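The values are calculated or read from the model by the stated rules, or taken from the named source; none is laboratory data. No experiment lies behind these values; they were computed from the predicted model shown. Positions of Cβ are backbone-derived with ideal geometry, glycine not excepted, and every protein chain shown enters the neighbour counts. The area values use the complete protein model at the heavy-atom level, side chains included, leaving out ligands, DNA and RNA. Shrake-Rupley method; radii C 1.70, N 1.55, O 1.52, S 1.80 Å.
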Amino acid sequence: MYRYDEFDHQFVQDRVSQFRTQVERHLGGQLTEEEFRPLRLMNGLYLQLHAYMLRVAIPYGTLSARQMRTLADIAETYDRGYGHFTTRQNIQYNWLRLRDVPDILQELADVEMHAIQTSGNCIRNITADPFSGVAADEVEDPRPTAELLRQWSSLHPEFSFLPRKFKIAVTGCRDDRAAIAVHDIGIRVVRNEAGEIGYEVWVGGGQGRTPMIAKKIRAFLPKKALLAYLEAMMRVYNLYGRRDNKYKARIKILVHEVGIEEYARRVEEEFAALDASAIAADAEEIVRIEAYFEPPAYDRLPARAAALENAKKNDPAFANWVSINVGAHKAPGYAIATVSLKPIGGVPGDATTDQMRLLADIAERFSLDELRVTIEQNIVLPQVRQDDLYAVWKLLAAVDLATANAGLITDIISCPGLDYCSLATARSIPVAQAISRRFADAERQRLIGPLAIKISGCINACGHHHVGHIGILGLEKGGEESYQITLGGDPTENAAIGERLGPGLTADQTVDTIERLVAVYLAKRKPGETFVAAYRRLGHDHFKEALNAAA
Amino acid sequence: MARQDALYILTANDLLEGDVVFWSGAGWARDHRAAQIARNADETTALDAIGAAEKAARRIIDPYRVEVTLGADGTPVPVRFRERLRTLGPTVRLDLGKQAALRANSLL
Ligand code: SF4
């Protein structure tokens, strides 16, 4: 795990004391609400529907056991015993008091965490493949790159007041678990024909009101050119991105309006004029960063653990969990375990203090002290020995964390929606819960296979509904909650924006319609064909009958 | 006195605690049923002025008016679903928010 250097420490500690003083000055009358508001937002503190909400950054989704324990402590001491993991690999606390926030930020700083740049028109938390460093098919661990970008983008003076917020995602794999195609900038670590490692760079993807798939701007960018090239990309956006209308201010609109060729031309021109060597991180710093992400000393193990095979034979529930939630690890005898935060009928992404503490304990004992947060709002134990999986599973089961549904129909992404969010137009969590209960049967879920349902409570699309195989968008129509279904979205290397199925539905009709959509799929799929593959083959109209029955 | 059809109450969040609060006429109440109701244009304008002044005094943040109707017992009921939720708490956690206390006292 990356550890802060002196500069990082100083920067975060200074920020905590600054904020403490700002809170005091606000309460003492020296700062008005108008003056204080941007300061609190710069530190991740929002006002939500019922209370203050603090959004804490989890850089590239990586946590140590100690950090997870602190997150649990904060939930227990200052909140109501739980936190909400988000689709941006962050955690949010829902019930904070302003007077406690400086202390909370101090506790975070003590474990090298903060809430800086989790709000505002700046470069937000850099997200990454949750399987970084352990995926079997990885070109290179993308986290040193993500860390470099974190340092570069933190308090970058030129990019602290962009036309709009800016999100960057990084992956080192062909299988895209970081959704780089729907980010402002997406970066994939690749190897060229000469065997050199560099970056494929994508730009102008995004969700929200105007969903767009990113366009490739560079097929191969040499590693050392990364910061200079990104600086050129950001500079062109900063100069030409619209500031007259916040709905047209994201980079996707600029790229769309001028065209990728013209945008690329301006970037290349800027890039050629930049002093790239002055912007590039110095070699020593890169070596220092990379050292933190060196692969750990793995035990030498056989590719398949006999203990695992035995446990699977003796315990079918465990075998089921392994087949659904456990993935291939690059080291023989190890595995990547996904811990679902989607128990049947639960609130997607919520974890209690006890659950967080148990995850920390498990990570320490069984996963080389590492945890990851996924954009699907789950937790990953990335470094588990196969022969420890059974013990891990039993521990997880004791706190309702052993749901075998990763990637299945009940592994639903849901934003907080109107139950918490002040921007929401409808609730999203209750819809997720109703679908989860409807499809609770484990055998039925297996039969249906991979199917990603994603729900947002407003057009901002924090619940990624545009890229759900089935997407659900909550709206307000005539004072009532109304839900809009989209089909065929995909956040991966085959990225696609979902297509609208028809007019708005009530929550109950939505659940029934999903049931019928699944029935259409099951009736028409070819052997082994997933929902989204069948959708692509059959076409949108084939699924419309499911909607008509609802009317 | 200028007439108006709609009824309003004034809401905000407590500056320190973050809690949803309602202007009672003499201070901020946690319970919306204690809210003062503006029944005409003058009273509505007065509510807006109170919101601005209370914000400037740093007791609350984000004050705004909420349209209400009168319930059977004469207490205000917000028209919009969003605002009804703010008087209760998250529908997915009935143990949290204002509804928790209401439930404990069998008022809900
Ligand atoms: S999608 Fe809308 S409702 Fe959901 S969290 Fe984002 S802003 Fe809030």
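Under the condition of being assigned to a helix (DSSP H, G or I) and under 28 Å from the mean Cα position of the chain (by Cα), which residue from the range A:297-319 is surrounded by the most Cβ atoms within 10 Å (Cβ to Cβ)?
Residue satisfying both the conditions and the ranking: A:F318.
Kindly provide the set of residues from the range A:238-258 that are open to solvent by less than 20 Å² (accessible area, probe 1.4 Å) and in contact with a Lys or Arg (Cβ under 9 Å, 6 or more places away or on another chain), ordered by number.
A:G241, A:A249, A:I251, A:I253, A:L254, A:V255
Quick one: is A:L63 more than 14 Å from chain B (Cβ to nearest Cβ), open to solvent by less than 10 Å² (accessible area, probe 1.4 Å) and either free of Cβ contacts under 8 Å to residues at least 60 places away in the same chain or touching an Asp or Glu at 6+ places or on another chain (Cβ under 9 Å) (or both)?
Answer is yes for this residue.
Residue check: is A:K477 away from chain B (no Cβ under 11 Å), under 30 Å from B:R84 (Cβ atoms) and either within 11 Å of the ligand (Cβ to nearest atom) or buried (at least 24 other Cβ atoms within 10 Å of the Cβ) (or both)?
So A:K477 does not fit the description; no.
Mind checking which residues of the range B:6-42 are over 19 Å from B:G74 (Cβ atoms) and acidic (D, E)?
If the condition is that a residue be over 19 Å from B:G74 (Cβ atoms) and acidic (D, E), then B:D14, B:E17, B:D19, B:D42 are the ones that fit.
Take A:F36 and tell me if it is open to solvent by less than 10 Å² (accessible area, probe 1.4 Å), of a type outside the set (S, T, Y), assigned to a helix (DSSP H, G or I) and without any contact (Cβ under 8 Å) to a residue 24 or more places away in the chain.
yes
Would you check if A:E158 is open to solvent by 10 Å² or more (accessible area, probe 1.4 Å) and either over 30 Å from A:R243 (Cβ atoms) or under 18 Å from the mean Cα position of the chain (by Cα) (or both)?
Answer is no for this residue.
Do any residues in the range A:412-427 that are in contact (Cβ under 8 Å) with a residue 12 or more places away in the chain have Cβ atoms under 6 Å from those of residues that are in a helix (DSSP H, G or I) and near the ligand (Cβ under 8 Å from one of its atoms), where the two are at least six apart or on different chains, and which pairs are they?
Listed pairs, sorted by first residue: A:A424/A:G417; A:A424/A:L418; A:A426/A:L418; A:R427/A:G417; A:R427/A:L418.
Among the residues of the range B:39-52, is there at least one that is surrounded by fewer than 14 Cβ atoms within 10 Å (Cβ to Cβ), closer than 22 Å to A:H26 by Cα and within 11 Å of chain A (Cβ to nearest Cβ)?
Yes: the range B:39-52 contains one or more residues that are surrounded by fewer than 14 Cβ atoms within 10 Å (Cβ to Cβ), closer than 22 Å to A:H26 by Cα and within 11 Å of chain A (Cβ to nearest Cβ).
Select from the range A:74-99 the residues that are within 11 Å of chain B (Cβ to nearest Cβ), surrounded by fewer than 18 Cβ atoms within 10 Å (Cβ to Cβ) and of a type outside the set (G, A, S) and list them in ascending order.
The answer is A:R97, A:R99.
Among the residues of the range A:250-296, which ones are within 22 Å of A:S132 (Cβ to Cβ) and assigned to a helix (DSSP H, G or I)?
Within the range A:250-296, A:E285, A:I286, A:V287, A:R288, A:I289, A:E290, A:A291, A:Y292 meet the criteria.
So, in the range A:480-532, exactly how many residues are over 30 Å from B:V68 (Cα atoms), without any contact (Cβ under 8 Å) to a residue 24 or more places away in the chain and buried (at least 21 other Cβ atoms within 10 Å of the Cβ)?
Going through the range A:480-532 one residue at a time, the tally reaches 1.
Just one of A:S132, A:S119 is surrounded by fewer than 21 Cβ atoms within 10 Å (Cβ to Cβ) and assigned to a loop (DSSP other than H, G, I, E, B); which is it?
The unique qualifying residue is A:S119.
I need every pair where a residue in the range B:11-29 that is without any contact (Cβ under 8 Å) to a residue 24 or more places away in the chain and within 7 Å of chain A (Cβ to nearest Cβ) has its Cβ under 6 Å from the Cβ of a residue that is of a type outside the set (K, R) and open to solvent by less than 20 Å² (accessible area, probe 1.4 Å), sequence separation at least 6 or different chains.
B:L16/A:L98; B:G18/A:A51; B:G18/A:Y52
Give the residues of the range B:57-108 that are of a type in the set (A, V, I, L, M), open to solvent by 40 Å² or more (accessible area, probe 1.4 Å) and at the interface with chain A (Cβ under 7 Å from one of its Cβ atoms), sorted by residue number.
None; the set is empty.
Quick check on my filter: what residues within the range A:383-422 are more than 20 Å from the chain's Cα centre (by Cα), within 12 Å of the ligand (Cβ to nearest atom) and either modelled with pLDDT under 95 or open to solvent by 10 Å² or more (accessible area, probe 1.4 Å) (or both)?
Within the range A:383-422, just A:S422 meets the criteria.
Which of (1) farther than 24 Å from A:E376 by Cα; (2) in a loop (DSSP other than H, G, I, E, B); (3) small (G, A, S) does A:A109 not meet, given it meets every other one?
The one condition A:A109 does not meet is (2).
Would you point out the residue of the range A:425-460, among those that are near the ligand (Cβ under 8 Å from one of its atoms) and open to solvent by 10 Å² or more (accessible area, probe 1.4 Å), that is farthest from A:T86 (Cα to Cα)?
Per the stated criteria, the residue is A:T425.
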